[in-house]
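Enquirer: Encoded as C-alpha cells, here's the structure I'll be asking about.
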Amino acid sequence: MIKKAEETSVETEYLDAANKLKTKMRGNIQAREILEMLVEYPIREYPEPEQLDKSGKPIKKDDKKPKKKKKKEPPFPLPEWANELEAVQK
C-alpha cells in the first residue's frame with residue numbers, strides 16, 4: 001500500500017507516518033518471533049563452578065581428608081571385687 005501511495009503521489013507526511021508504522025510493526029513481529037524461540041529453547045544445566053582461593057586458583061578437593069581423632073574415654077573403673085576371677089564367677 002505504501003508503494004501505491006508513492007505512485008499516486010500522496011503527501012510526504014502521510015508516507016512518513018506509514019513508514020514509521022511499518023518499522024514498528026516489523027519490530028513487533030520480530031520481537032514476538034524471538035520470544036517464541038526463547039520459550040522453545042531447552043533449559044541448560046550448567047556444572048557448578050569450581051571454588052577459588054584468595055588468589056583465584058582452584059581449590060583442590062581431597063576425598064581422603066584425615067579424619068579428626070576422637071578423644072579416648074577413660075576406661076571403665078573396675079571395682080575391687082572384680083579383680084579376683086573366683087569372686088566374679090560366683
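The values are calculated or read from the model by the stated rules, or taken from the named source; none is laboratory data. These figures come from a predicted structure and were not determined experimentally. In this analysis, Cβ positions are derived from the backbone assuming ideal geometry, glycine residues included, and neighbour counts consider all displayed protein chains.
Enquirer: Can you name every residue in segment 1-45 that is part of a loop (DSSP other than H, G, I, E, B) and within 46 Å of the chain's Cα centre (by Cα)?
Expert: Of segment 1-45, the ones part of a loop (DSSP other than H, G, I, E, B) are 1, 8-11, 41-45.
If the condition is that a residue be part of a loop (DSSP other than H, G, I, E, B) and within 46 Å of the chain's Cα centre (by Cα), then 41, 42, 43, 44, 45 are the ones that fit.
Enquirer: Determine whether residue 38 is exposed (fewer than 10 other Cβ atoms within 10 Å of the Cβ) and modelled with pLDDT of 85 or more.
Expert: yes
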